[in-house]
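Visitor: What follows is a single structure, and I will ask about it in a moment.
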Amino acid sequence: MQPEPSVPANGIILPRLAPPTPDTTPCMPTATPRSSTYVGRFAPSPTGPLHFGSLVTAVGSYLDARRAGGRWLLRIDDLDRARNVARATEGILEILEKFGFEWDGVVTRQSDSLPRYAESLERLRAMRHVFPCSCSRREMADSALARDGARLYPGSCRDRPGRIQPAYAWRARVAGTIEFTDLIQGRQHEDLESEVGDFVVQRADGQFAYQLAVVVDDHDAGVTHVIRGADLLCSTGRQIYLQGLLGFETPAYAHLPVVVNEAGEKLSKQTHAAAIDLANPARTLGNALRFLGHPSPAELTGAPVAHAWQWAIANWNLARVPRALQAAG
Ligand SMILES: [Zn+2]
């Protein structure tokens with residue numbers, strides 16, 4: 001499946017992935033020239049050990065960057081302090097190293113970028129794209145459900161700037177629709193008012209919302225391609241909207257199917273996903289490649305992990321990734 005041509009949506013011109021050039025020359029990750037303008041990234045949260053679902057996302061984003069001769073950045077999304085687990089970051093890096101991932105540049109952390117988030121919020125405030133909201137969860141309990149399952153904001157504080165309590169969040173005022181073409185999932189359409197609602201960019205406790213942080217981080221790092229799990233597909237509209245408000249370019253998006261267990265639940269700490277078996281990284285990598293529609297040839301069975309990478313980089317093609325939001329791992 002070829003990506004559909006991008007069309008301007010909401011005045012935003014969506015970038016397109018350059019078609020892969022035919023190249024059958026195997027190249028080692030270390031030998032890949034970083035000549036293209038492609039910048040990808042993997043951004044795990046340090047909430048526990050890496051499980052198979054996160055590994056699949058890492059593999060997909062890594063291969064897409066390396067296939068394009070691009071850079072692959074590693075960022076630790078540690079904004080939600082309450083969920084962070086001590087030494088989880090070290091554990092994630094150890095596993096990635098064991099699997100032979102090679103990231104470009106230093107590992108960055110969202111907790112180091114708080115001044116940048118504050119600055120961006122200040123710009124949104126100056127342009128009146130955000131408003132203070134002191135609605136309690138109880139006040140919103142009767143409102144409709146948004147696409148991501150959260151309560152759709154009823155707009156109570158939207159035009160009542162005087163109603164400020166000691167604790168208040170900042171919400172982005174939404175309007176219009178967002179359209180974009182996901183490189184795997186195809187054409188996407190989101191009506192911001194009816195499906196998303198005015199969304200929080202800074203919580204009442206001062207924590208910046210994931211949506212704002214990600215948009216600022218991706219922009220600051222020059223990320224051109226966001227390859228991540230389809231559980232974040234419903235966040236993309238909000239992120240493209242914020243990019244538009246802040247005058248940032250919108251990267252290309254590709255959402256990989258999410259690995260689910262037999263009960264249909266996303267693998268996570270909450271669903272007690274098993275940590276990755278490090279005894280045989282080549283076999284686990286083979287499983288991740290198969291999940292992503294790239295089963296490795298039989299002659300690679302038992303081969304070292306570097307050979308699997310060599311084959312996978314030469315053969316990676318987003319069009320072969322299953323167009324599904326989730327699949328059993
Ligand atoms: Zn409110």
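Visitor: Using the Cα gyration tensor of the stretch 181-246, with a ≥ b ≥ c the square roots of its eigenvalues, what is the shape: rounded (a/c below 1.5), prolate (a/b larger than b/c) or oblate (neither)?
Guide: On the way: a/c = 1.88, a/b = 1.21, b/c = 1.55.
Oblate, because a/c is 1.5 or more while a/b does not exceed b/c.
Visitor: Now for a different question. Within the stretch 77-93, find all residues whose amide N lies under 12 Å from a label point positioned 7 Å from the Cα of LEU114 along Cα-to-beta-carbon.
Guide: Within reach of a label on LEU114: 79-81.
Visitor: If you keep only loop residues by DSSP, which trypsin sites (Lys or Arg not before Pro) in the stretch 99-141 have at most 10 other Cβ atoms within 10 Å of their Cβ? Each step should come with its number before you reach the end.
Guide: On the way: sites: ARG109, ARG116, ARG123, ARG125, ARG128, ARG137, ARG138; in loops: ARG128, ARG137, ARG138.
The qualifying sites are ARG128, ARG137, ARG138.
Visitor: Among TYR62, VAL106, PHE131, flag the residue with its Cα farthest along the positive direction of the charge dipole of the stretch 62-190, charges on Cβ as +1 for Lys/Arg and -1 for Asp/Glu.
Guide: In the stretch 62-190, that residue is PHE131.
Visitor: Regarding the stretch 75-180, what are the three Cα extents along the principal axes, ordered largest first, in Å?
Guide: Largest first, the stretch 75-180 extends 53, 35, 31 Å along its Cα principal axes.
Visitor: If you take every DSSP beta bridge whose two residues both sit in the stretch 172-307, what share of them, in percent to the nearest 5, is antiparallel? All intermediate terms of the calculation are to be shown ahead of the outcome.
Guide: Numbers: 9 of 14 bridges.
Antiparallel bridges: around 65 percent, rounded to the nearest 5.
Visitor: Using the charge dipole of the chain (Lys, Arg: +1 at Cβ; Asp, Glu: -1 at Cβ; taken about the Cα centre), state which of SER296, PHE248, LEU285 has its Cα farthest towards the positive end.
Guide: After comparing all options, I get PHE248.
Visitor: Same structure, new question: Helix 88-98 against the longest principal axis of the chain: what's the angle in degrees, Cα atoms only, rounded to the nearest 10?
Guide: Taking the Cα atoms of the chain, the angle to 88-98 is about 30 degrees.
Visitor: Please report, in debye to the nearest 20, how large the charge dipole of the stretch 58-123 is about its Cα centre when each Lys and Arg carries +1 at its beta carbon and each Asp and Glu carries -1 there. Working shown, then result.
Guide: Numbers: 11 positive and 12 negative charges, 23 e Å.
So the dipole magnitude of the stretch 58-123 works out to roughly 100 debye.
Visitor: What is the angle, in °, between the Cα long axis of helix 114-126 and the longest principal axis of the Cα atoms in the chain? Nearest 10 is fine, range 0 to 90.
Guide: 40
Visitor: Which GluC sites (Glu not before Pro) from the stretch 206-313 combine a DSSP loop assignment with at most 11 other Cβ atoms within 10 Å?
Guide: On the way: sites: GLU249, GLU262, GLU265, GLU299; in loops: GLU249, GLU262, GLU265.
Answer by residue number: GLU262.
Visitor: Go through the stretch 162-230 and name the chymotrypsin sites (Phe, Trp or Tyr not before Pro) that are in a DSSP coil and have 12 or fewer other Cβ atoms within 10 Å of their Cβ.
Guide: On the way: sites: TYR168, TRP170, PHE180, PHE199, PHE208, TYR210; in loops: TYR168.
In loop regions of the stretch 162-230 (DSSP not H, G, I, E or B), there are no sparsely surrounded chymotrypsin sites (Phe, Trp or Tyr not before Pro).
Visitor: Determine the dipole magnitude for the chain: charges of +1 sit on the beta-carbon of Lys and Arg, -1 on that of Asp and Glu, nothing else is charged, the reference point is the Cα centre, and the result goes in debye to the nearest 20. Spell out each step's value before the answer.
Guide: Details: 35 positive and 35 negative charges, 79 e Å.
My answer is approximately 380 debye.
Visitor: Residue farthest toward the positive end of the dipole of the chain, with Cβ of Lys/Arg at +1 and Asp/Glu at -1: which of ILE92, LEU232, TYR210?
Guide: The residue sitting most towards the positive pole is TYR210.
Visitor: While we're here: Explain nothing, just the number: dipole magnitude of the stretch 96-249 about its Cα centre with +1 on each Lys and Arg Cβ and -1 on each Asp and Glu Cβ, in debye rounded to the nearest 20. Before the final figure, lay out each step's value.
Guide: Working: 19 positive and 23 negative charges, 152 e Å.
In total the dipole reaches around 720 debye.
Visitor: Shifting gears a bit: Helix 52-67 sits at what angle to the longest principal axis of the chain, using alpha carbons and giving 0 to 90 degrees rounded to 10?
Guide: Around 70 degrees separate the two axes.
Visitor: Could you work out the relative contact order of the chain? I mean the mean sequence separation of Cα pairs under 8 Å and 6+ apart, divided by the number of residues, in percent. Show your work: numbers first, answer last.
Guide: Values: 585 pairs, mean separation 79.2, N = 329.
The normalised contact order for the chain reaches 24 percent.
Visitor: Taking the stretch 193-329 as the region of interest, what is the percent of Cα-Cα pairs per 10 angstrom bin, listed from the shortest bin to the one with the maximum distance?
Guide: Values per bin, smallest distances first: 10, 29, 33, 20, 7, 1.
Visitor: Ok, one more. In units of 2.2 N^0.38 Å, what is the alpha-carbon radius of gyration of the stretch 98-155? Mind dumping the intermediate values first?
Guide: Numbers: Rg = 18.5 Å, N = 58, 2.2 N^0.38 = 10.3 Å.
Taking the Cα Rg and dividing by 2.2 N^0.38 Å, one obtains 1.80.
Visitor: For the chain, what are the per-bin percents of Cα-Cα distances with bins 20 Å wide, up to the bin holding the maximum?
Guide: All Cα pairs considered, the percentages come to 30, 58, 12, 0.
Coordinate-derived values only; no laboratory data. Just so it is clear, the model here is predicted, and its values are computed rather than measured. For neighbour counting, all protein chains shown are included, and Cβ atoms are generated from backbone atoms with ideal geometry for every residue, glycine included.
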